[in-house]
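Student: I have a structure I would like to understand better, so I am pasting it below and will then ask my questions one at a time.
The values are calculated or read from the model by the stated rules, or taken from the named source; none is laboratory data. Since this is a predicted model, take the numbers as computed values, not measurements. Here Cβ is always computed from backbone atoms with ideal geometry, including for glycine, and neighbour counts include all displayed protein chains. For the accessible areas, the whole protein counts, side chains as well, though only heavy atoms, and no ligand, DNA or RNA atoms are used. Shrake-Rupley method; radii C 1.70, N 1.55, O 1.52, S 1.80 Å.
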Amino acid sequence: MAWSVPLTAVSNSPLTAAAWNASVRDNLLETAPAKFTGAGQLFVSTGANAGAARTPASATVATNESTNSTTYTNLVTAGPQVVSTTGTSALCFWQAQMGNSTSGSNAFMSVAVSGASTVAASDTFSSRYQSYGSNARHRSAAAHLFTGLTAGSNTFTAQYRVDGGSGAFIDRSLIVIPL
C-alpha cells in the first residue's frame, strides 16, 4: 500500500466508505506510528511518500584475540556481527581496544557487508592504531555511512588486519543503524 493524495471535500457530495478508507484510513496506515512494530525503531524514507520502520542493532565480543594477517580476516571469535534489514544505506559505528606487538606497526579494524550486498572491509573506512611500544593498547573507533547497498537482509561483520607484528583486539563492538 502507498500513501495517496487525500480527497478534497466538495459541498453536497456524498462521502463514500471507499473514499474515506482510501483517503484517511489507508494514509494513516502509512504513517510512522502505524509502521512501528516495536520499541526503539526509526522511521526512514524509502521513496516519495513512502517509509519503513528500521531497527538499530548492536553486538559485542569481549574476548581478547589476535591476528598476524596483513589482509582483513575474522578472528577466532568472528565479529562482532549484526544482521539487519536495510534500505540502500546504513550507518555503522565500531570500536575496540587495539594494540600491536611491534612498535610502529598498525592494527586495523573495519567492517565487511555480506548478504543482499557485498562490501569488503577496507582501510578507507577503518579504525587504526599505530603502536608506540610493545603491546601498548588504545581504544579506537570509527563510523562509516555505507551507501549503494542492496535493500534487504545485510550482515555487517567486523574484520581485522595488521601491517606488521601481531595485532590484539579486545572489547570489540559494532552498531548498525539501517536506513
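Student: Could you tell me whether any residue of segment 12-21 is in contact (Cβ under 8 Å) with a residue 12 or more places away in the chain, surrounded by 15 or more Cβ atoms within 10 Å (Cβ to Cβ) and out of contact with any Pro (no Cβ under 9 Å at 6 or more places or on another chain)?
Tutor: No, there is no match, as no residue in segment 12-21 is in contact (Cβ under 8 Å) with a residue 12 or more places away in the chain, surrounded by 15 or more Cβ atoms within 10 Å (Cβ to Cβ) and out of contact with any Pro (no Cβ under 9 Å at 6 or more places or on another chain).
Student: Related question: Under 8 Å between Cβ atoms, at least 6 apart or on separate chains: pull out the pairs that start in segment 151-166 with a residue that is charged (D, E, K, R) and end on any residue that is open to solvent by 10 Å² or more (accessible area, probe 1.4 Å) and in a strand (DSSP E or B).
Tutor: Close Cβ pairs (under 8 Å, with a partner that is open to solvent by 10 Å² or more (accessible area, probe 1.4 Å) and in a strand (DSSP E or B)) amount to Arg161/Thr67; Arg161/Thr73; Asp163/Asn106.
Student: Another question, then. Give the residue that is nearest to Ser58 (Cα to Cα), with candidates limited to residues of segment 95-120 that are at pLDDT 95 or above and open to solvent by 20 Å² or more (accessible area, probe 1.4 Å).
Tutor: Result: Gln95.
Student: Oh, and also: List, please: which pairs have Cβ atoms under 9 Å, are six or more places apart or on different chains, and start with a residue in segment 34-52 that is in contact (Cβ under 8 Å) with a residue 12 or more places away in the chain and open to solvent by less than 80 Å² (accessible area, probe 1.4 Å) and end with one that is hydrophobic (A, V, I, L, M, F, W, C) and assigned to a loop (DSSP other than H, G, I, E, B)?
Tutor: Partner pairs satisfying both residue conditions: Lys35/Leu29; Leu42/Leu179; Val44/Leu179; Thr46/Ala151; Ala50/Ala2; Ala50/Trp3; Gly51/Trp3.
Student: Is it the case that segment 127-138 has a residue that's small (Gly, Ala, Ser) and in contact (Cβ under 8 Å) with a residue 40 or more places away in the chain?
Tutor: Start the filter on segment 127-138 by keeping residues that are small (Gly, Ala, Ser), which leaves 127, 131, 133-134, 136.
Keeping just the survivors that are in contact (Cβ under 8 Å) with a residue 40 or more places away in the chain gives none.
No - not one qualifying residue is present in segment 127-138.
Student: Could you go through segment 25-32 and let me know if any residue there is open to solvent by 70 Å² or more (accessible area, probe 1.4 Å) and part of a loop (DSSP other than H, G, I, E, B).
Tutor: Taking every residue of segment 25-32 in turn, at least one turns out to be open to solvent by 70 Å² or more (accessible area, probe 1.4 Å) and part of a loop (DSSP other than H, G, I, E, B).
Student: A further question on this structure: Give the residue that is nearest to Ala168 (Cα to Cα), with candidates limited to residues of segment 49-104 that are in a strand (DSSP E or B) and among the aromatic types (Phe, Trp, Tyr).
Tutor: Only one residue fits best here, namely Trp94.
Student: Go through the residues of segment 76-84 one by one and say whether even a single one is of a type in the set (S, T, N, Q) and surrounded by fewer than 16 Cβ atoms within 10 Å (Cβ to Cβ).
Tutor: Yes, segment 76-84 has at least one match.
Student: Then there's this: Given the residues Val82, Val76, which is the only one that is under 15 Å from Gln159 (Cα atoms) and within 13 Å of the chain's Cα centre (by Cα)?
Tutor: Within the list Val82, Val76, the selection yields Val82.
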